[in-house]
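Engineer: This is the structure I want to talk about, given as structure tokens.
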Amino acid sequence: MELYRRLQEREAAGQPIRVGLVGCGQMGSGFVHVTHRMAGMETFAIADVEVSRPLAELASLGIPESRICVTSRPGEAEDALRGGKYVVSEDALLLTRLEGLDCLVEATGLTEVGAQVAWNSILNGKHVVMLNVETDVTVGLLLHRMARRAGCVYTVSSGDEPGVCKMLYDFARTLGFEVICLGKGKNNPIHYDATPESCREEALARGMNPKMLASFQDGSKTMVEMAAVSNATGLVPDVPGMHGPRVDLEDLTRVFVPAEDGGILSRRGCVDYSTGRVAPGVFAIVTTDEPRVRADMAFYGMGPGPYYLLYRPFHLCSTETPLAVAEAVLYGETTVVARGMVSEVVSVAKRDLRAGETVGEVGGPDIYHRIYTYQEARALRAIPMGLAPGSRVLRDIPKGAILTEENVQPDTSRLVYTLRQLQDALVATERAE
């Protein structure tokens, strides 16, 4: 795909891709700055519960107040876009209804908000790119199916680990290689007790939301990311939570291979992660039984085999997200979508939870998360991670126990709950056929 040329043409014609952003935190604000410097794309509308944040970002780009319209009224917002102004709103769903936008990027990390934005975007025939992988691993299969029927694109973004892992996977499979393991580097061991309070000092020093940093440290983000990869590729976690050993780059082809060849995997075709010197990169361990290809791989300096390392030493998160937007708008292509429910992310009590309490959000002090195969999670009657926030604790749950249908009641008024019920029914029907 010639994205650069096509975007240059859109710029020259005065028809840039017009993007709306929901969530102007660290990831979202970075996206705004990238698109402002790009040819052929611009973020013209931003929604955030604190309108001061998008206003500050637009001001930092030198955009005068006279070109910014702060509103929650559709008509006023449409008029502003037609007049070449930027729209700022606290109403995320407003952006899903604006005809002047080509695509929405969802970057809140909140499952309910992500579900509402994606659902309403699809209902209005608008492409949606998710930096919110938490929503995707909960109801992404259904949202992708609905988007295709509506003639638009629903996709997880490029740039984050799922996007760059899928890039390596497609490269390898297209060339006929078998993918033994697909993984990411994690720059610290999992600290299951991490909370926003314990992370606050480091988070503020790094310009991060403490809750987001806690979700990285407690492993939730890694579980979510690799579940999205699993559902997009069919690769599975070898064990609940994956292995996650400390392995440096030079040893990946020795460790992330089947046990019969000296590795740690009990099967071929897995997702996993390493806490060694791999981050911020992603990797694929691949093999082939074709003698000539093996000889060529040795000639190209890829080692003697039979296992070879494909490695991308970086992922640029929201900086790369415009690529997913361009592919969706220009070509109708997805970056990462669930092809089936292969893996599930379940919630685990981070502390003793008492009957009557309400469970908090990802990265908070209440829960962390772990990846299981979908069949294992269903057998445990585990609550999908996206339904845990806002759920009511029915009976005391000890620290380290899984949240299940027996000990919590999800908030049935939330859209993400309804969508998950529809998705579960869809999966059950397809498995019965």
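The values are calculated or read from the model by the stated rules, or taken from the named source; none is laboratory data. Remember, predicted model here, so these are calculated numbers, not experimental data. Note that each Cβ is placed from the backbone with ideal geometry, even for glycine, and that neighbours are counted across all protein chains shown.
Each row is one residue, and each column tells you yes or no for (1) under 25 Å from Met302 (Cβ atoms); (2) surrounded by fewer than 15 Cβ atoms within 10 Å (Cβ to Cβ).
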{"residue": "Arg173", "(1), (2)": "yes, yes"}
{"residue": "Ser198", "(1), (2)": "no, no"}
{"residue": "Glu225", "(1), (2)": "no, no"}
{"residue": "Pro237", "(1), (2)": "no, no"}
{"residue": "Ser274", "(1), (2)": "yes, no"}
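Engineer: Mind listing whichever residues of segment 1-28 are surrounded by fewer than 23 Cβ atoms within 10 Å (Cβ to Cβ), closer than 14 Å to Leu131 by Cβ and either in the same structural domain as Lys211 (by TED's automatic domain parsing) or touching a Pro at 6+ places or on another chain (Cβ under 8 Å) (or both)? I'd like the intermediate steps shown before the answer.
Structural biologist: To start, the set of residues in segment 1-28 that are surrounded by fewer than 23 Cβ atoms within 10 Å (Cβ to Cβ) comprises 1-16, 18, 25-26.
When the remaining residues are screened for being closer than 14 Å to Leu131 by Cβ, the result is 25-26.
Within segment 1-28, no residue meets the criteria.
Engineer: Follow-up. Can you go through Gly100, Gly84 and tell me which one is of a type outside the set (Ser, Thr, Tyr), free of Cβ contacts under 8 Å to residues at least 60 places away in the same chain and not in a helix (DSSP H, G or I)? If you could, list the steps in order and put the result at the bottom.
Structural biologist: Details: Gly100 fails: free of Cβ contacts under 8 Å to residues at least 60 places away in the same chain.
Only one candidate qualifies: Gly84.
Engineer: Could you tell me whether any residue of segment 322-344 is of a type in the set (S, T, N, Q), within 30 Å of Arg5 (Cβ to Cβ) and either assigned to a strand (DSSP E or B) or within 22 Å of the chain's Cα centre (by Cα) (or both)?
Structural biologist: So far as segment 322-344 goes, yes, one or more of its residues are of a type in the set (S, T, N, Q), within 30 Å of Arg5 (Cβ to Cβ) and either assigned to a strand (DSSP E or B) or within 22 Å of the chain's Cα centre (by Cα) (or both).
Engineer: May I ask you to verify whether Thr404 is surrounded by fewer than 23 Cβ atoms within 10 Å (Cβ to Cβ), closer than 25 Å to Leu235 by Cβ, among the polar types (S, T, N, Q) and not assigned by TED's automatic domain parsing to the domain that holds Asp193?
Structural biologist: On the way: surrounded by fewer than 23 Cβ atoms within 10 Å (Cβ to Cβ): yes; closer than 25 Å to Leu235 by Cβ: no; among the polar types (S, T, N, Q): yes; not assigned by TED's automatic domain parsing to the domain that holds Asp193: yes.
Answer is no for this residue.
Engineer: Separate question: Return yes when Val105 is assigned to a strand (DSSP E or B) and not aromatic (Phe, Trp, Tyr) and no when it is not.
Structural biologist: Values: assigned to a strand (DSSP E or B): yes; not aromatic (Phe, Trp, Tyr): yes.
Answer is yes for this residue.
Engineer: Something else: Looking only at segment 290-329, how many residues end up being closer than 30 Å to Gly25 by Cβ and either buried (at least 18 other Cβ atoms within 10 Å of the Cβ) or basic (Lys, Arg) (or both)?
Structural biologist: Residues flagged as closer than 30 Å to Gly25 by Cβ and either buried (at least 18 other Cβ atoms within 10 Å of the Cβ) or basic (Lys, Arg) (or both) within segment 290-329 amount to 14.
Engineer: Please enumerate the residues belonging to segment 292-313 that are touching a helix residue (DSSP H, G or I) at 6+ places or on another chain (Cβ under 8 Å) and outside any strand (DSSP E or B). I'd like the intermediate steps shown before the answer.
Structural biologist: Start the filter on segment 292-313 by keeping residues that are touching a helix residue (DSSP H, G or I) at 6+ places or on another chain (Cβ under 8 Å), which leaves 303-312.
Listed by number, the residues that qualify are Gly303, Pro304, Gly305, Pro306.
Engineer: Within segment 361-390, how many residues are crowded, with 23+ Cβ neighbours inside 10 Å, hydroxyl-bearing (Ser, Thr, Tyr) and more than 22 Å from Ile190 (Cα to Cα)?
Structural biologist: 0
Engineer: Let me ask something additional. Given Thr412, Thr429, which one is part of a loop (DSSP other than H, G, I, E, B), of a type in the set (Ser, Thr, Tyr) and more than 20 Å from Tyr372 (Cα to Cα)? Give the steps one after another, and end with the answer.
Structural biologist: Working: Thr429 fails: part of a loop (DSSP other than H, G, I, E, B).
Residue meeting the stated conditions: Thr412.
Engineer: Shifting gears a bit: Which one of Thr233, Thr287 is over 26 Å from Gly25 (Cα atoms), among the hydroxyl-bearing types (Ser, Thr, Tyr), over 20 Å from the mean Cα position of the chain (by Cα) and modelled with pLDDT of 95 or more? Spell out how you get there, then give the answer.
Structural biologist: Numbers: Thr233 fails: over 20 Å from the mean Cα position of the chain (by Cα).
Of Thr233, Thr287, the one residue that is over 26 Å from Gly25 (Cα atoms), among the hydroxyl-bearing types (Ser, Thr, Tyr), over 20 Å from the mean Cα position of the chain (by Cα) and modelled with pLDDT of 95 or more is Thr287.
Engineer: Related question: Here are Ala39, Ala80, Ala92, Ala12: which of them is under 16 Å from Val113 (Cβ atoms) and not basic (Lys, Arg)? Full working, then the answer.
Structural biologist: On the way: Ala39 fails: under 16 Å from Val113 (Cβ atoms); Ala80 fails: under 16 Å from Val113 (Cβ atoms); Ala12 fails: under 16 Å from Val113 (Cβ atoms).
After ruling out the rest, the residue left standing is Ala92.
Engineer: Do any helices (runs of 4 or more DSSP H) entirely within segment 1-70 hold 2 or more residues that are within 22 Å of the chain's Cα centre (by Cα) and modelled with pLDDT of 95 or more, and if so, which? Walk me through it before giving the result.
Structural biologist: Working: elements: 3-12, 26-37, 52-60.
Because the criterion is at least 2 residues that are within 22 Å of the chain's Cα centre (by Cα) and modelled with pLDDT of 95 or more, the helices (runs of 4 or more DSSP H) in segment 1-70 that meet it are 26-37.
Engineer: Let me ask you something else. Would you point out which residue out of Arg268, Arg292 is of a type in the set (Lys, Arg), outside the structural domain of Cys152 (by TED's automatic domain parsing), over 30 Å from Arg148 (Cβ atoms) and without any contact (Cβ under 8 Å) to a residue 12 or more places away in the chain?
Structural biologist: On the way: Arg268 fails: without any contact (Cβ under 8 Å) to a residue 12 or more places away in the chain.
Among Arg268, Arg292, only Arg292 is of a type in the set (Lys, Arg), outside the structural domain of Cys152 (by TED's automatic domain parsing), over 30 Å from Arg148 (Cβ atoms) and without any contact (Cβ under 8 Å) to a residue 12 or more places away in the chain.
Engineer: Determine which member of the set Arg414, Arg378 is closer than 28 Å to Arg148 by Cβ and touching a residue at least 40 places away in the same chain (Cβ under 8 Å).
Structural biologist: Details: Arg378 fails: touching a residue at least 40 places away in the same chain (Cβ under 8 Å).
Exactly one residue qualifies, and that residue is Arg414.
Engineer: Report, by residue number, each residue of segment 200-223 that is buried (at least 20 other Cβ atoms within 10 Å of the Cβ) and part of a loop (DSSP other than H, G, I, E, B).
Structural biologist: Hits for segment 200-223 are Asp218, Gly219.
Engineer: Here is a further query. With (1) out of contact with any Gly (no Cβ under 9 Å at 6 or more places or on another chain); (2) part of a strand (DSSP E or B) as the list, and Cys181 as the residue in question, which single condition is left unmet?
Structural biologist: Among (1) out of contact with any Gly (no Cβ under 9 Å at 6 or more places or on another chain); (2) part of a strand (DSSP E or B), Cys181 violates only (1).
Engineer: Could you list, in sequence order, all residues of segment 245-255 that are surrounded by fewer than 19 Cβ atoms within 10 Å (Cβ to Cβ) and either touching a Phe, Trp or Tyr at 6+ places or on another chain (Cβ under 6 Å) or in a loop (DSSP other than H, G, I, E, B) (or both)? Give the derivation first.
Structural biologist: Let us first name the residues in segment 245-255 that are surrounded by fewer than 19 Cβ atoms within 10 Å (Cβ to Cβ), namely 245-246, 248-251, 254.
Residues satisfying the conditions are Pro245, Arg246, Asp248.
Engineer: While we're looking at this one, here's another question. Please find, among Tyr331, Tyr307, Tyr300, Tyr273, the residue that is of a type in the set (Ser, Thr, Tyr) and free of Cβ contacts under 8 Å to residues at least 12 places away in the same chain. Step through it out loud before you land on a result.
Structural biologist: Details: Tyr331 fails: free of Cβ contacts under 8 Å to residues at least 12 places away in the same chain; Tyr307 fails: free of Cβ contacts under 8 Å to residues at least 12 places away in the same chain; Tyr273 fails: free of Cβ contacts under 8 Å to residues at least 12 places away in the same chain.
When all the criteria are applied, what remains is Tyr300.
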